[in-house]
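Trainee: Can you keep this structure in mind? I'll have questions shortly.
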């Protein structure tokens, strides 16, 4: 289930945590009509959001359009933001919801150029940092990832590329910690099996 975009849901205990959020002042100022504050907020999130959406959709052009829609929604909702969650969680939740809606409208899966090493998260981060290290392996990874459901791809990107905690990912996806752990487990298992099959097929040629 996708979480509402408004930033007005959450437990009361989250408010105190969000008060220490460095981006909260920018959102509050933007909500009062401060254009400079909104532009600063865009500058902080534009790159990460664009990369996140592009890797889910496999389409940079569509990701740019969707990122603009994210910021439009942020601007419209800023006056109502209640700081019950971190600003980054709120912004990425909007992006996730829009990206998943876009995926739902597409009939064909898109190629996602992202890396997840079969041996775990640390190796995965190394692959993300240096995607040209093993081009053939990266192509195999991209092809295997293309077969994953969108929510599993999103969880991997949020965990490995954005380095978010399980709790933050759960808030973005509007699900439980257990569901996030399950999605990550299934995604890694599927990728390992897919890569193993590809390796075996390559060895028989």
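Trainee: Checking the condition farther than 30 Å from residue 199 by Cα, buried (at least 19 other Cβ atoms within 10 Å of the Cβ) and modelled with pLDDT under 95, which residue from 30, 25, 54 passes?
Mentor: It is 30.
Trainee: So which residues in the stretch 42-73 are part of a helix (DSSP H, G or I) and in contact (Cβ under 8 Å) with a residue 40 or more places away in the chain?
Mentor: Across the stretch 42-73, the qualifying residues are 45, 48, 49, 51, 52, 53, 55, 56, 57, 62, 73.
Trainee: Another question, then. Of (1) closer than 17 Å to residue 30 by Cβ; (2) surrounded by fewer than 19 Cβ atoms within 10 Å (Cβ to Cβ); (3) modelled with pLDDT of 90 or more, residue 78 satisfies all except one. Which?
Mentor: For residue 78, the failing item is (2).
Trainee: Could you name every one of the helices (runs of 4 or more DSSP H) located completely within the stretch 116-205 that has at least 3 residues being modelled with pLDDT under 75?
Mentor: 121-129, 135-145, 177-203
The values are calculated or read from the model by the stated rules, or taken from the named source; none is laboratory data. These numbers come from a predicted model, not from an experiment. Note that each Cβ is placed from the backbone with ideal geometry, even for glycine, and that neighbours are counted across all protein chains shown.
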